[in-house]
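Just below is one structure, and these are the notes that go with it.
Nothing in this text is a laboratory measurement; each read-out follows from the coordinates by a stated rule. Bear in mind the structure is a predicted one, so any value in this text is a computation, not a measurement. We place every Cβ from the backbone using ideal geometry, glycine too, and count neighbours over all the protein chains shown.
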């Protein structure tokens with residue numbers, strides 16, 4: 001069994017049990033975003049987290065072990081995504097990426113936002129003109145070192 005096999009089993013078990021990612025996050029004891037990333041194969045879980053996820057989803061010991069492995073992060077295909085939702089994030093970076101970079105550099109200096117020391121939240125915001133999505137990313141600023 002591979003990690004991608006476990007991801008498929010997770011998605012199927014989640015559907016069959018009628019569980020949301022939020023409910024699974026509560027059982028695992030982590031944030032909804034982090035837990036979802038871990039269940040989809042982008043994060044490695046600790047022993048207690050993997051045990052709780054496996055128990056909630058009815059996964060066997062082998063799947064639980066694979067949940068603990070360090071994944072290859074960012075394992076999406078290197079091409080432009082064709083899924084409309086993923087493409088919109090790609091489009092946001094194409095249109096606003098240089099703006100984001102310029103403003104971060106203006107406010108903090110030459111550096112990057114960490115994707116390791118990082119948190120993200122996704123919220124649905126009611127709006128009379130149509131519901132909106134609010135994505136909040138919060139990453140530690142890491143200045144480039146001069147030597």
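The table below gives the values:
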read-out	value
Exposure proxy ranking, count of Cβ atoms within 10 Å, fewest first, for 146, 28	146, 28
Modelled label reach - residue 11, point 7 Å along Cα→Cβ, region 33-52 residues with backbone N closer than 17 Å	36-43
Residue among 107, 27, 14 with the largest mean-square fluctuation in a Gaussian network model of the chain, springs linking Cα atoms under 10 Å	107
Helix axis angle, 3-17 relative to the chain longest principal axis, alpha carbon, degrees	70
Angstrom value of the Kirkwood radius, inverse mean 1/r, which spans all Cα pairs in region 84-143	13.3
Top of 43, 137, 120 by mean-square fluctuation, Gaussian network on the chain, Cα under 10 Å	137
Length-normalised contact order of region 56-147 in % [C-alpha pairs under 8 Å, at least 6 apart]	21
Fewest-first sequence of 141, 21 by Cβ atoms within 10 Å of each Cβ	141, 21
Cα gyration tensor shape for region 3-67, rounded if a/c is under 1.5, else prolate or oblate	rounded
Of 17, 134, 73, the one that fluctuates the most in a GNM where the chain has Cα springs shorter than 10 Å	134
Least to most buried among 93, 66, 59 (fewest other Cβ within 10 Å first)	93, 59, 66
Pairwise centroid distance, computed over Cα atoms, of region 59-107 with region 12-37, Å	19
Largest to smallest principal axis extent of the C-alpha atoms in the chain, angstrom	51, 50, 30
